[in-house]
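A short worksheet on the structure shown next.
The values are calculated or read from the model by the stated rules, or taken from the named source; none is laboratory data. For clarity, every value in this text was computed on a predicted model and none was experimentally measured. Ideal geometry is used to build each Cβ from the backbone, glycine not excepted, and the neighbour counts take in all protein chains shown. Note: accessible area is taken over every heavy atom of the protein model, side chains too, but ligands, DNA and RNA are not part of it. Shrake-Rupley method; radii C 1.70, N 1.55, O 1.52, S 1.80 Å.
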Amino acid sequence: MEKRYFIMTGLTMLAITALVLSFQAVFASTPPDEEEALGRTLAKQAVKDSKRWTTVDHAKIDALNQDFTSGEEITKACLSCHSEAATQFHKSIHWTWLASGDKSDMRYGKAGYSVNNFCISGNAMEDKSCLACHPAWNKEGSQGTVNCLQCHNSSGFNFEEALGDIEAFSEDDDPDTKEMVTDIQQEIKEAVSKVTFPTRKNCGECHFKGGGGDGVKHGDLDTSLTKPNRMLDVHMGTDGKNFSCTRCHTTVDHNIAGRIYTNPAVETRKSLIEDDLAPKITCVSCHSSEPHKNDSKMNDHTDVVSCQACHIPKYARVNPTKMWWDWSKAGRMKDGKPYHVEGPYGKQTYKSIKGEFKWEKNVTPEYFWSNGSQTSTTADDVIDPGQIVKVSHPVGDKTDPEARIFPFKIHRGKQPYDKIHKKLLAPLLSGKNGYWTTFDMNDAIEHGNKAIGIPYSGEFDYVETTYAFPITHMVAPKENALNCTQCHIRKNSRLANITGLYMPGRDRSNLFDTIGWLSVFGALAGVLLHGMGRFFTRNGKEN
Amino acid sequence: MENKNTIKIYLYTRYERFWHWLQAFMIISLIVTGLEIHGTYKLFGFQTAANIHNFVGLSWLILFAFFVFWLFTTGEWKQYIPTTKKLFSVILYYSWGIFQGKPHPVQKAKGAKHNPLQRLAYLGISAMLLPVQMATGLLYYLYNDIPQVLPLSVLAVIHTLVALFLLNFLVIHLYMTTTGHSLFSHIAGMITGWEEIYETTEIADWETQATKKE
């Protein structure tokens, strides 16, 4: 009897152990190391061969082997082979600065009613200083000729300056000058032939320096990304995959994938397996929606949390970025002259022509639900000046299947608004009528609003505004991704303001927690009292 | 009160003792890691706590199925049939008699391991709290893999509340182990299997009926 029982027990235990172990292997915890996550296999596949190849050496093209005297001539030479390039480009937002593509709808775009809380408005391309970033020759805006080289030249050569010199010297017959002109011509010729797909430097000329200087606008885009290491950006790192911008911002007919005022970068996230012709703009494109090891709990997050939320722990990690811009402080003078004050990071904290700034480095993002779209308050929208105006803000909530919790830089500031019409105003900044010359805000607004065709009442004040930038670049290597308790924690959770879901570690029901703990401490108090009672009555024993 | 001779009887079989301590270990680790996941304190780190919690929780679930199988095939389930007989005298004993050195109204015996109060408590826990805890735990674990039965917030709140109720039980249970002949005699019984009872104790028929062989 004893023996049989013993054997039975032993066998049962063995069976239980075996079953538990097999169950664990199937359902839980970590798979063997050699088993790679689907997303990782896909991503490796996508970067297997990074070499671009071409059948053309532009140095051998006759059309480029000539003495150029103007930008227009260079473009003409480009178009002599790439016949449709300018036609395509003229329809792109890079050229029109209008989300709709043409002037029939002026609502959204730098050249339309869109405003921000940096230099506020492009004033329908009236503000020439903005046009430094418009890809036409000689700041002529969309009236001018496309400057192909702005995006497609790797020489770093200043063509406009060189061509300007040639034009200035053209009347001069001095042999020394003529020789100099010949030298410049030769330099231009050599530089022109350095045709390339847009490099990080090309795109960065505008996108790293938007808002008037390095790192002003985005927070996740600044000149540190021209030659980043993989710690700063695991994709673009020159010691890593060395991605160019267009590796992800794929292009069709000169339309470059990415978010614009009215549309998200993509409507739905699809991997290359699902749609190999879709723009490769999302993480999911290459990494799929199961980027982590099989059965990793992380994969359960991807329907709610964006990749960026955990994999970009901080932005502006190398160069500082502007966080605050107060236009209401602009216009102060020292000895009757405009001045500036230098602050931390060697950045200006005050400038008479622009107002007060705050810069920050290594900034923790703010998190919001986002389906990729953003609201955009234009100069034609009525605002509530009693509140902080969200000039740009992410759209989405828990109920939106495309929405994820996404990191953002929120740029705060104060900017002028029309006290009567309750609309944000668009002061003209550069030029002889601009604020930077006249220091007369009222006059600058008159001119600026006239340029975009929106009436101004003549009375303005300043209102606090926010502008949201999605943080999506500066993806850190995986070992630097956030750990669980950056969010799953009761106090100071990064996702403290995210509503619509229950997060273990962050959330609890005060009522039910209290009931539960009362029962625990009630029991504890009860047994303590009971125990003391037994102690003092000595369990009823007399001695 | 004169005859205080005690005898030892073999009360808990090897499997019962094994199951008791394994379950104790599992429940305590689940409470410890669970409360960390709940954000009550920091101990192992959230990720490790969650991994341990999942592993132990799933293991417990499987082992519990074996326990239920054992319970019914051996007929031991009858030990959990609730009864009001002597229930109030047990309650009276713990709230009054124990301070006066009165004997426990119900003694343990082979066929009657639990007094009426224990029966009620264990039945409540095994039939109510534990199933709810297992169900909510499993639904919580599989939240992303199966159609949504209840929102995560509801699952989590129930799961936490029941966990605290089980902690409440644990506190009382631990204390009750000290109410034997000596402070540790009940614990010793659960370790060795042999429990001391009074020689003169009479086991009423209704108590052992349940497990009596026909």
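Key figures for this structure:
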| item | result |
| --- | --- |
| Straight-distance crosslink candidates among aspartates and glutamates, where the alpha carbon sits under 16 Å from A:Lys110 and sequence neighbours closer than 8 are dropped | A:Asp102, A:Glu126, A:Asp127, A:Glu140, A:Asp380, A:Asp381 |
| In nm, spacing of pseudo-spin labels at A:Lys76 and B:Ile191 (7 Å Cα→C-beta vector) | 10.1 |
| Residues with amide H under 5 Å from that of A:Lys280, placed H, sequence gap 5 or more | A:Thr250 |
| C-alpha long axis of helix A:510-536 to longest principal axis of chain A, angle in ° | 30 |
| Cα centroid separation - region A:169-183 against region A:417-447, whole Å | 44 |
| Average partner coverage of B:29-41, which counts Cβ from other chains inside 10 Å | 2 |
| For chain A, projected area of the alpha-carbon convex hull averaged over all directions, nm² | 42.9 |
| Overall Cα dimensions of chain B - principal axes, largest extent first, Å | 63, 40, 30 |
| Mean-position separation - Cα centroids, region B:130-162 and region A:263-284, in angstrom | 34 |
| Partner chain coverage, peptide B:49-59 - average Cβ within 10 angstrom | 3 |
| Per-pair calculated FRET efficiency, R0 = 56 Å: A:Ser328 and B:Val68 via Cβ, rounded to 0.05 | 0.20 |
| Peptide B:90-100, shielding by other chains (average Cβ, 10 Å cutoff) | 2 |
| Protection proxy ranking, peptides A:401-409, A:134-142, A:162-170, average beta carbon neighbours within 10 Å, highest first | A:401-409, A:134-142, A:162-170 |
| Of the DSSP H helices in chain B, those whose Cα atoms cover at least 15 Å axially and whose Kyte score averages 1.6 or more | B:152-176 |
| Probe 1.4 Å - accessible area at B:Trp60, Å² to nearest ten | 10 |
| Label-point separation, A:Asn263 to A:Asp62 (7 Å along Cα→Cβ), nm | 4.0 |
| Protection proxy ranking of A:481-489, A:269-277 - average other beta-carbon atoms within 10 Å, highest first | A:481-489, A:269-277 |
| Inter-part distance where region B:14-83 and region A:456-517 are each reduced to a Cα centre, Å | 35 |
| Karplus (6.51, -1.76, 1.60) ³J(HN,Hα), θ = phi - 60°, over region A:276-281, in Hz, Gly and Pro reported as x | 6, 9, 5, x, 8, 8 |
| Flagged links, alpha-carbon separation over 30 Å, of A:Lys227/A:Lys478; A:Lys189/A:Lys217; A:Lys334/A:Lys390 | A:Lys189/A:Lys217; A:Lys334/A:Lys390 |
